[in-house]
Amino acid sequence: MAVLEILQFGNDLLRQKSEEVTEFNEELWQLLDDMSDTMYDAGGVGLAAPQVGVLKRVVVIDCDDDHGLLELVNPVIVAIKGKQHEAEGCLSYPGKSGFVERPAKVKIKAQDRYGRRKVYVGSGLLARAFCHETDHLNGILYSDKVYKWEEDKE
Ligand code: CO
């Protein structure tokens, strides 16, 4: 168990593009384990590797639904449908949330920790998480897309 430091808004690493994972080895598994520990410790529903300073295309998501913990390596959104407008937050911006337009339904392909190819379809919160976390891998933060901030929650 290792809870990692979560980089905060303003850190340059959050603006970098992450690299494709090509080796599905113990180093990756350690990263995935540490990322889920960190996400649960912080009470988040998703975390992307650049948020812990690792520029690799790795994401963990747990929306407390039937999927449980999702480990997405090299995720790519392959189809979107409809629109939704909900508030979201980010572990790199504690205490903030803002409204973002996202697709209502998102189909994503990814690899698991062993390199096996997977396809997931999400709607609601999971669809938002797919978009939010894959954006992180491209150096895009949700604040870039917020059209209305909520009042500070702290
Ligand atoms: Co985030």
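Laboratory data are not the source of any read-out in this text; all were calculated from the coordinates shown. What you are looking at is a predicted structure, and each value in this text was computed from that prediction instead of being measured. Every residue, glycine as well, gets a Cβ built from its backbone with ideal geometry; the counts of neighbours run over all protein chains shown.
Give me the distance between the Cα centres of the range 38-53 and the range 105-144, rounded to whole Å. Rounded to whole Å, the Cα centres lie 14 Å apart.
Positive-end ranking of Gln30, Ala2, Val52 along the dipole of the range 1-66, with charges on Cβ about the Cα centre, is headed by Val52.
Using θ = phi - 60° and the Karplus relation 6.51 cos²θ - 1.76 cosθ + 1.60, list the HN-Hα couplings for the range 66-81 in order, rounded to whole Hz, with x at every Gly or Pro. After applying 6.51 cos²θ - 1.76 cosθ + 1.60, I find 5, 6, x, 6, 9, 10, 10, 10, 6, x, 9, 6, 10, 7, 9, 8 Hz.
Comparing Glu133, Glu86, Glu27 in a Gaussian network model of the chain where C-alpha atoms under 10 Å apart are linked, the largest mean-square fluctuation is found at Glu27. Ordering Ser92, Ser36 from the fewest to the most neighbouring beta carbons within 10 Å gives Ser36, Ser92.
Cα to Cα, under 15 Å, and not fewer than 8 places away if on the same chain: which aspartates and glutamates meet these conditions relative to Lys17? Output for Lys17: Glu133, Asp135.
Ordering Thr134, Val119, Gly98 by Cα displacement along the dipole of the range 95-145 toward the positive end leaves Val119 in first place; charges were set at the Cβ atoms of Lys, Arg (+1) and Asp, Glu (-1). Under the combined filter of DSSP loop state and at most 13 neighbouring Cβ atoms within 10 Å, the range 99-154 retains these trypsin sites (Lys or Arg not before Pro): Arg116, Lys153. Within the chain, the proportion of C-alpha pairs whose separation exceeds 21 Å stands at 40%. Each Lys and Arg Cβ is given +1 and each Asp and Glu Cβ -1; about its Cα centre, the range 76-145 then shows a dipole of about 420 debye. Going from the fewest other Cβ atoms within 10 Å to the most, the residues Tyr142, Tyr93, Tyr147 appear in the order Tyr147, Tyr93, Tyr142.
Listed values for the range 13-30 are Karplus-derived 3J(HN,Hα) couplings in whole Hz (6.51 cos²θ - 1.76 cosθ + 1.60, θ = phi - 60°), namely 4, 5, 9, 8, 8, 7, 9, 4, 8, 10, 10, 9, 10, 4, 4, 5, 4, 4, and x replaces Gly and Pro. Think of each Lys and Arg Cβ as +1 and each Asp and Glu Cβ as -1; about the Cα centre, that makes the dipole of the chain roughly 960 debye. Among the listed pairs Lys118/Lys148; Lys81/Lys145; Lys96/Lys118, those whose Cα-Cα separation exceeds 28 Å are Lys118/Lys148; Lys96/Lys118.
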